[in-house]
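The values are calculated or read from the model by the stated rules, or taken from the named source; none is laboratory data. Quick caveat: nothing in here was measured; it's all calculated off a predicted structure. Counting neighbours? That spans all protein chains shown, and the Cβs are built from the backbone with ideal geometry, glycine included. Heavy atoms of the whole protein, side chains included, go into the accessibility calculation; ligands, DNA and RNA do not. Shrake-Rupley method; radii C 1.70, N 1.55, O 1.52, S 1.80 Å.
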Amino acid sequence: MLVVKPQVMPPVIHPVDLVQTLRHKRLTPAIVFLTSRRACDEAIDSFEHRNVPLPAHRSRTIAQVLDHVIRLYPSVAQHPLLPTVQRYGVAAHHAGHLPSWKIAVEELMRHGCLDAVFATTTLAAGVDFPARTVVITQSSVRKARDLTELTVSEIQQLSGRGGRRGKDLVGFVVVTPSPYIDLHVITRGLTGNPEPIHSQFVISYPMVLNLLKAHTLDHIKSILEKSFAQFQLNQQATALEEKLETVEAQLAAFGPRPCADWITQWHWFNLAQTHRRPRHAICQDAPPILARLPFLTPGRVVGLPKGRGVVLRRYRSRSQHRAMLTVLNTQERIIECPVAQVTEIYDHTLNIEPARVFPWCTPKSLQRLMREVRELPQHLQGFPLPEDTGNDSVMLPEPLTDEFPCPMCPSQPACRKDYTKAWRLRQEHQQLTKTIHAIRSQLWHRFQQHVEVLQQFGYLTATCQLTADGEWARLIRINHSLLLTELIRMDAFTGIEPALLVGVLASIAHEDDRPGIFPRRSPALASVLGQVRTVAHSLASYEDPPLLRSDVAALGELWISQPSLSWGEFVRTTTMAEGDVYRLLARTLEYVSQLHNLKATHPGLADIADQAMQLMRRDVLQELP
Amino acid sequence: MRTDDLKQLLHEQPVKRLHWLAKGRIHRHFRLGKARLIQALLALPPEQHHQILDDLSRLRPSTQRTATRHPSQGSRAHPRSETPRLATPSHPDQRESCVTVADLLEGIGVPPPQPFHPDAWQEEAITRLREGDVIVSVPTGSGKTYVAIEAARQAMAVDRTVIYTSPLKALSNTKLTEFVQLFGADRVGILTGERRHNPHAPLLIMTTEILRNLLYDAAGGEIDMRLDTLGLVILDESQYLADPERGVVWEETIILCPTQARLLLLSASIGNPEEIAEWIRHIRAVPCTLIQHHHRSVPLRAGYLHPSGKLTPLFTTRDIPRGQPHALHPETRRLFAEYERETLGSRGH
């Protein structure tokens, strides 16, 4: 059956219509939140197509405000959207723009010159200016390639920009639908309570180095315990402990209890009967004896319960295979004694010529030995020997463990009745105990993992002191600090061109994988980046490797290698948005300045970094402090 | 009447009414969904169809009466029955309490210029800051900056250094301009990663990362900052504590913040400010006060703008019903349902 629709509704209200409607209802100025930067720019473009200019006097006030801004930030004057803003009183404000442009838009909004600003939802916190009306068109936002629903706090952050204090009696949130909008998400966001904050504490290498520089391990443990992360974990742990207590209370009924079952009692009696030490089995040496054996070589002077003697031979007894000694004692008698009776082993040996038969040495050496034994010095240095603990009780399995039902009990079926419940409780108990332990020691454990890695790489000594490398490495406080410090230690940057350095740092700093067109990179940069990539790959198990995009690196290189290039020309070499390029360079500049801080230990590198900073700071990058 | 027409008519009925129609006609009708119900009703012998139509038409007059009372209600709206057993219990008296667009748009305008009077919570925050830390969690745009400025002014009056941190460099720049106008260019400095502008000024603006690094350096012994004269640390936008990448910096800053310095945390509305206050009380020696409210200084209303250009209130009440049970304005609900149907339908073609 063919359904003829009278009229297909436009999926989204046209931006020009939107602004006209808002003007008509006296709802301007407004901030319109759109999903993408492109949507914002297209909205502005559509005003050009419709061509509905502002009255002349308003264009004039806009121009006046803009003139004022341009005096502070000259780069605004070259902005391609400038005429549109002046003519139509609308502007786009998103991360793809230069900060100076955003300041200009904010200034215009503060003076109330604009009717609408089209902004992206992604940077709600960056939109720090109010308007009478906030227009929400989407219920989800693009985060790292996925569409996620706006959270309550995000929606309240957006809607909070509605209503200017002192300039408006009321503020408005206007929801206008677009495909895939979920009205429920928005109403929930407007009326609901914002989400609670969860700690995002992570331990990083620079954090470990800097903490160890100033504090002892115990102190650091207490610092970590002070973190909000641990605070929240402790709350979790307390809740779990309460649960554990109830489980324990339930488990008490199944806990250790005397077993009244006669079969069991008979069984254990039987076991005890049969579990006698076997008479003729080969005797296992106890640990103290095992420890003595290697020292008891022929010629060794030993202490016995009665006097001292020299070992003539070592053998095993026939019956029990015990370790035995033949000793020549101070009374010049040759005696047999078990190793267990040796009280002292001295750090003193006598020369001996062993023989295969009694008296186990040649008669000549026996004569000499007898003399030497008599003339042994009064005081001899002994070896420390492990004590015999005398713990030689019969090893019987405990009949009543807290396992229930007893795993070997023959009358198990009798106890089976509540086995399932007990087993489940026992599992739960074990799980809870483990979880609580993990929660309590989580942060400290992760800290220790990081310490171990740093020790392995030689930034920390075994006693957790900073090594010479650690002392300077702690000044590198960036996301991929281990990669950078390792590169510095490998002398990867010695005598490097400033342009290459900036290129490499730009590729480390950039964390976006959006494709685009970029300038060509030099072969030198490609080879350096190849090495950096190898190092990053080898460090992958200790630190997430950065993207290390060579095309982005080329952008950083170009800005340094051609100092005469103006910002406008520079931005035209790439499809990356102006604001992104700015942020990339600003971030790279921060990385370079961290290398500059290593003046004391790496003067050569600091010099290169200094040159790079001089070259980087020009044009737009100089405008803002 | 043809079967197609009846089918169409039945489709327009709410499923509740279909059950009511099916009662006594279809065995175990309560097990069926809407589509199966209609199928079953249509499968009945034709003489039953007439009875069904009769039953339906008996309900109709009441619907039309409602429609005439509210001309804005479109003809396609669900005929709402006045019979008690079919009335939806969730929104009784809804029609009577609904606001109109005129109500919604009433009172737009610029307030007459008034001398500035700080709100009670602002004054409280400033006085509480004398004896301890303060957390302010209020809706966006209610004047957190005023608290920051007054607190900074007080601390500077007794020769204490003030550090103001913001999450973004762009915000730092805005604040720099604002503070320079208030306190004079020589009393405000800004520190960024690679540049220091007027670093010996009593009021320093920086991003939170820079402050964290300063605290590291101070603990490590190479002090180049007057941390002993530090009297106040203002952390703006401290809801960044929940930021997956940067939240840790806020936490470190709060932990490592020297004891003699007061902390002033300014944040937008968050879900668990008590928990954060509890945490700060737990780790710092001085008392910590939480100042929190949901009141907006400029009231906020919500509207729904249909792509056709028609504006309707979003909720049945004029102001946004915060933290209360809420219902969409019936007109908005109708328009949105229509919109969804059409966009979803056109997507299939």
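The table below lists the values:
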| read-out | value |
| --- | --- |
| Within 10 Å of each Cβ in A:225-233, the average number of Cβ atoms from other chains | 6 |
| Relative contact order (percent, whole number), segment A:287-374, Cα cutoff 8 Å, 6+ residue spacing | 28 |
| 5 Å binning of all Cα-Cα separations within segment A:15-191, expressed as whole percents from 0 upward | 1, 9, 18, 22, 21, 15, 8, 4, 1, 0 |
| Theoretical FRET efficiency, 1/(1+(r/R0)^6), r = Cβ-Cβ of B:Arg36 and A:Trp266, R0 51 Å, to 0.05 | 0.15 |
| Pairwise FRET efficiency - B:Glu340 versus A:Arg87, Cβ, R0 = 22 Å, nearest 0.05 | 0.05 |
| Of B:Gln39, B:Gln51, B:Gln114, the one that fluctuates the most in a GNM where chain B has Cα springs shorter than 10 Å | B:Gln114 |
| Label-point separation, A:Lys364 to B:Lys16 (7 Å along Cα→Cβ), nm | 12.2 |
| Sequence-separation-based contact order of chain B, relative, with Cα cut under 8 Å and 6+ spacing, percent | 17 |
| Mean Kyte hydropathy of -1.0 or more with a Cα span along the axis of at least 24 Å, helices from DSSP in chain A | A:56-72, A:228-251, A:419-457, A:578-596 |
| Largest-first principal axis extents of the Cα set of segment B:121-175 (Å) | 31, 28, 15 |
| Cα gyration tensor category, rounded, prolate or oblate, for segment A:538-625 with a/c compared to 1.5 | oblate |
| Alpha-carbon Rg with Dmax, taken over the protein assembly as shown, Å | 40.7, 137 |
| Euclidean distance between Cα centres, segment A:11-27 to segment A:73-102, Å | 21 |
| Alpha-carbon spread of segment B:150-291, three principal axes, descending order, Å | 39, 31, 30 |
| Accessible area per residue, Å², segment A:555-625 with all protein chains present, probe 1.4 Å | 40 |
| nm² value of the averaged projected area, convex hull over the Cα atoms of segment A:287-374 | 5.5 |
| Virtual spin-label span in nm between A:Ser541 and A:Glu332, 7 Å along Cα→Cβ | 6.8 |
| Euclidean distance of C-alpha centroids, segment A:546-580 and segment A:316-384, integer Å | 85 |
| Helix B:3-12 axis, angle to chain B major axis (alpha carbon atoms, nearest 10°) | 30 |
| Separation between Cα centres of segment B:121-194 and segment B:1-31, rounded to whole Å | 66 |
| Computed helical MRE - 222 nm, chain B, DSSP H runs ≥ 4 contributing -39500 (n - 2.57), nearest 500 | -13500 deg cm²/dmol |
| Rg to Rh quotient for chain B, alpha carbon positions, Kirkwood Rh | 1.21 |
| Segment A:475-622: translational diffusion in µm²/s, Stokes-Einstein, Kirkwood Rh over Cα pairs, 20 °C, 1.002 mPa s | 141 |
| Efficiency of FRET from Cβ geometry, A:Arg60 and A:Arg26, R₀ 22 Å, rounded to 0.05 | 0.50 |
| Chain A: calculated mean residue ellipticity at 222 nm from DSSP helix runs of at least 4, using -39500 (n - 2.57) | -14500 deg cm²/dmol |
| Length-normalised contact order for chain A - Cα pairs under 8 Å, 6+ apart - percent | 11 |
